[in-house]
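Step one of this worksheet: look at the structure below.
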Amino acid sequence: MQQRASHDIQPLIEQRADPFIYRHSDGYYYFVASVPEYDRIEIRRAQNLEKLVTSTPVVIWRKRENGILSANIWAPELHFIDDKWYVYFAAAHTTETNEGLFDHRMYVLENENDNPLEGSWMERGQVRTEWESFALDATTFEHNGSRYHVWAQKDPNIGGNSNLYISKMSNPWTLTGSQTMISMPEYDWEIIGYKVNEGAAFLRKGNRVFLSYSASATDFNYCMGLLEADADADLLDATSWRKSQTAVLSTDESISMYGPGHNSFTVSEDDEETLFVFHARTYKNIIGDPLYDPNRHTFVTSLLWTADGRPDFRGSVAALARFLQ
């Protein structure tokens, strides 16, 4: 690793991309992320964020030797639903691409044990959507009595890599009813290198709900956008969602932060603050395919809010950099 200046932001956990941190009712923080080898899913837990750094990861699942679920295990998320643990992740059957796209699909694991580091994990199978096409970055949330699934997928009839979709769920591995596209890459900052919308994360604040997401290629052009809707709106109606016209977080060379994105949200130990979790690199120039550069690191900072009640991602990261000076 290269030396960092005192004003640069410092990662919490190195070489972990697509980070997801969940604070459970047992008082533990649980951490999952993409590992550089893309070959397994591991969970670590600790009673505070700092101890996550040194806690021993437990491997709960490994990729198969061949066929489906055998390549590029990406972006796991850990959720506790109806007294069971679920991991959502994306997997392919080959590292080869077809017209620039991998062949990922979304899958679900289930564990009934109180402690997800123990017990057995059952493969619940693929989350089926309207198309058999490139699909990844599943997340789920409960809102106003319904469970929703949001993910990124390639529509065979739309140019580009992926758009964002939402659907209700009849159980933690099955979609039900209509599937609605709520965002597609359209602005200049969303289509650099590739036309990408992916990595959605749900957040509610007062009378609004938000979905942050990531866009463009995974090098220094990777960045974040934001969707918002009224909390009482029909979330399956695309017109309910309003989209930021500019990126809400992007590369900032002044603090050595390159390609920030694929975030999640968690809470502070006292439940008083929302915490912003994301990955980024600390250098710009990458040799080869950026997907295989291991140095996307996990960062965590308190989430600040703008005067008009929206997440202030730039301000949150700037505050983290100032804190380190």
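The table below lists the values:
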item	result
Percent of Cα pairs exceeding the 24 Å cut-off, where the set is the range 171-325	36 percent
Overall Cα dimensions of the range 1-133 - principal axes, largest extent first, Å	45, 40, 27
Phi-based couplings in Hz for the range 263-279 (Karplus 6.51, -1.76, 1.60; Gly and Pro marked x)	9, 8, 10, 9, 10, 6, 4, 8, 6, 8, 10, 7, 10, 9, 10, 7, 10
Cα centroid separation, the range 95-133 to the range 269-286 (Å)	25 Å
At 1.306 mPa s and 10 °C, Stokes diffusion of the range 216-307 via Kirkwood alpha-carbon radius, µm² per second	105 µm²/s
Highest-first arrangement of 107-119, 275-287, 217-229, where packing means the average Cβ count within 10 Å	217-229, 275-287, 107-119
Cα-centre dipole for the chain with unit charges at Cβ (Lys and Arg positive, Asp and Glu negative), debye to 20	300 debye
Burial ranking of peptide ranges 266-273, 43-50, 148-155 (average Cβ count within 10 Å, highest at the top)	148-155, 43-50, 266-273
Electrostatic dipole magnitude of the range 113-232 [Cβ: Lys, Arg +1; Asp, Glu -1; Cα centre; debye, to 20]	240 debye
Rounded to the nearest 10 Å², the accessible area of D232 at probe 1.4 Å	130 Å²
Proximal charge balance of K205 [Cβ under 15 Å; K/R count +1, D/E count -1]	-4
q = 0.19, 0.26, 0.28 Å⁻¹: log10 I(q)/I(0) that the Debye formula gives for the range 157-206, counting C-alpha atoms only	-0.77, -1.02, -1.07
Charge dipole of the chain about the Cα centre (unit charges at C-beta), most positive-ward option of Y30, F265, G315	G315
Listed residue pairs exceeding 30 Å between alpha carbons, taken from K63/K205; K51/K154; K84/K205; K63/K243; K195/K284	K63/K205; K51/K154; K63/K243
Kirkwood Rh, Cα atoms: Rg over Rh of the chain	0.93
The range 104-155 pair-distance distribution - Cα-Cα, 5 Å bins, rounded %	4, 17, 20, 19, 20, 13, 5, 1
Charge tally in the Cβ shell below 14 Å around T176, where Lys, Arg are +1 and Asp, Glu are -1, T176 excluded	+2
Cα-centred dipole magnitude for the range 26-97, charges only on beta-carbon of K, R (+1) and D, E (-1), debye, nearest 20	140 debye
Projected area averaged over orientations for the range 120-258, convex hull of C-alpha atoms, nm²	10.2 nm²
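The values are calculated or read from the model by the stated rules, or taken from the named source; none is laboratory data. It should be emphasised that the depicted structure is a prediction, and the values quoted were computed from it without experimental measurement. Reconstructed Cβ throughout: ideal geometry from the backbone, glycine too, with neighbour counts over all protein chains shown. Side chains included, ligands, DNA and RNA excluded: accessible areas come from the protein's heavy atoms. Shrake-Rupley method; radii C 1.70, N 1.55, O 1.52, S 1.80 Å.
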